[in-house]
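Just below is one structure, and these are the notes that go with it.
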Amino acid sequence: NMGAMENKGLNIFNTSCVLADEEYTTDAAIMRVQSVIAHEYFHNWTGNRITCRDWFQLCLKEGLTVFRDQSFSEDLQSAAVQRIDDVAVLKSHQFPEDAGPLSHPPRPDHFVEINNFYTATVYEKGAEINRMMSTLLGKEKFRQGTDEYFRRHDGQAVTVEDWVAALSAGSGVDLSAFLTWYNQPGTPKLEAKGEYDAAAQTYRLSFKQSLKAHPKYPNLKAVPIPVALALFNAKTGEQYTLQSESLFVNGVKDGVYLFDQDEAAIEFTGVTEQPVVSLLRNFSAPVNLVFDYSDEELAFLIQHETNGFNQWQATQTLLERILLEDHSADTYIQAIQSTLPELVGRDPLLASRLFDVPTEGYLGSRIDQNYAPADIHVKREALLNRLAQELGAFWKDTYLTLDPDLQKEFSLAMGVRALKN
Ligand SMILES: [Zn+2]
């Protein structure tokens, strides 16, 4: 019933995950086939040659192999859109699982029937833990860590602890605190606040993390959260080079702050103008972020953020406010109008996603009280009409100039088809 199975020497596939033809298969189905084949192929090392000591370690092979197939797919198409889709799966399947009665750690400590543990938490959250360590280390050090893992354990049956120990030894960075992510359930809430001091030219970000109490896990601990972040000059739109000793690597534009306490703060110096901060770039940790952006700051990020995922996230936050809190749609429309012409040529697939107007079902899930489906329907239709009126001429021109058959690369042809549709 699953997509496929990595049996050594004879992978077994569901036909929908292995048969494709450019003439009649949709782009989404071709991407799915490529990712499943990659996944089973990658299992030759992370699953077969190095296997799990016992069933409790299922996320050792699945979390790592899902992270590898996600990274592979990011190389094949718009990396931002691949991340958008992977985060959508995480938020629509794993977050609800972790918020409900079936909540469990990525590495469970007991089970009745292991078949019930092929869950979103074991697969998707397991992949996120590996992504967090990779985000912190950077590509080169992460590779040194995986090389050490294969060197030490080829032909063995091992545990999550062995993996984290090899990654630490190979990269030279102690990652043992990440074991907490494997051993406890729940989606952390990450609250952040920013404060700019114009006289001192400093910007201070304070963070707080919390987890809902869990009846079976009374001793929940703070987890290490790599917060990928950037500061932009609000006047010029340029990205600051970050200056702070608290950064994992100081003096870079794309920074990572490892937040691993209940509460902590980081201060940046040399911030000459009021900054706009972009937090949790590329969704660098599986948490619920709370940060009080103004509509103008979100519009700024739509126009200036260089990380495609956070650019998209800014559209989603703004659209949700328009639909649920009656904010004006003008800010969103103006930001989109100034962003699209350049983006259409560079990343047509991402351009197509900046019009992801949240579904009625999703909007309903964001309302605690007085949920009136008919009202949401009316508001959403009105917004779609408004977009059609404001952007109709631009859309028509763009539609007529786009031709997927003229694209040299499959990924660009795919983006052009998506944007046309
Ligand atoms: Zn697998």
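Okay, residues lined up against (1) under 24 Å from Tyr182 (Cβ atoms); (2) in the same structural domain as Ala127 (by TED's automatic domain parsing); (3) crowded, with 17+ Cβ neighbours inside 10 Å; (4) modelled with pLDDT of 95 or more:
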{"residue": "His39", "(1), (2), (3), (4)": "yes, no, yes, yes"}
{"residue": "Asp54", "(1), (2), (3), (4)": "yes, yes, no, yes"}
{"residue": "Glu62", "(1), (2), (3), (4)": "yes, yes, yes, yes"}
{"residue": "Ala79", "(1), (2), (3), (4)": "no, yes, yes, yes"}
{"residue": "Gln82", "(1), (2), (3), (4)": "no, yes, yes, yes"}
{"residue": "Glu97", "(1), (2), (3), (4)": "yes, yes, yes, no"}
{"residue": "Asp109", "(1), (2), (3), (4)": "yes, yes, no, no"}
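For the stretch 255-275, a residue qualifies if it is without any contact (Cβ under 8 Å) to a residue 60 or more places away in the chain and open to solvent by less than 50 Å² (accessible area, probe 1.4 Å), and the qualifying residues are Gly255, Tyr257, Ala264. Of the candidates Ser210, Ser244, Ser278, Ser294, the single residue that is touching an Asp or Glu at 6+ places or on another chain (Cβ under 9 Å), over 18 Å from Ser338 (Cα atoms) and open to solvent by 40 Å² or more (accessible area, probe 1.4 Å) is Ser210. Residues that are closer than 13 Å to Tyr203 by Cα and assigned to a strand (DSSP E or B) do occur in the stretch 259-266, at least one of them.
Restricted to the stretch 355-421, the set of helices (runs of 4 or more DSSP H) holding at least 2 residues that are within 28 Å of Ser328 (Cβ to Cβ) and outside the structural domain of Leu76 (by TED's automatic domain parsing) comprises 360-365, 373-401.
Taking the listed residues Ser278, Ser284, the one that is assigned by TED's automatic domain parsing to the domain that holds Phe232, farther than 20 Å from Gln389 by Cα and in a loop (DSSP other than H, G, I, E, B) is Ser284, with no other qualifying.
Scanning the stretch 324-347 for residues that are assigned to a loop (DSSP other than H, G, I, E, B) and surrounded by fewer than 22 Cβ atoms within 10 Å (Cβ to Cβ) yields Glu325, Asp326, His327, Ser328, Ala329. Taking the listed residues Arg321, Arg353, the one that is in contact with a His (Cβ under 6 Å, 6 or more places away or on another chain) and open to solvent by less than 60 Å² (accessible area, probe 1.4 Å) is Arg321, with no other qualifying.
The values are calculated or read from the model by the stated rules, or taken from the named source; none is laboratory data. Predicted, not measured: the structure shown is a model, and the values here were computed from it. Note that we place each Cβ from the backbone using ideal geometry, even for glycine, and neighbour counts take in every protein chain shown. When the accessible area is computed, the model is the full protein with side chains, heavy atoms only, and any ligands, DNA or RNA have been set aside. Shrake-Rupley method; radii C 1.70, N 1.55, O 1.52, S 1.80 Å.
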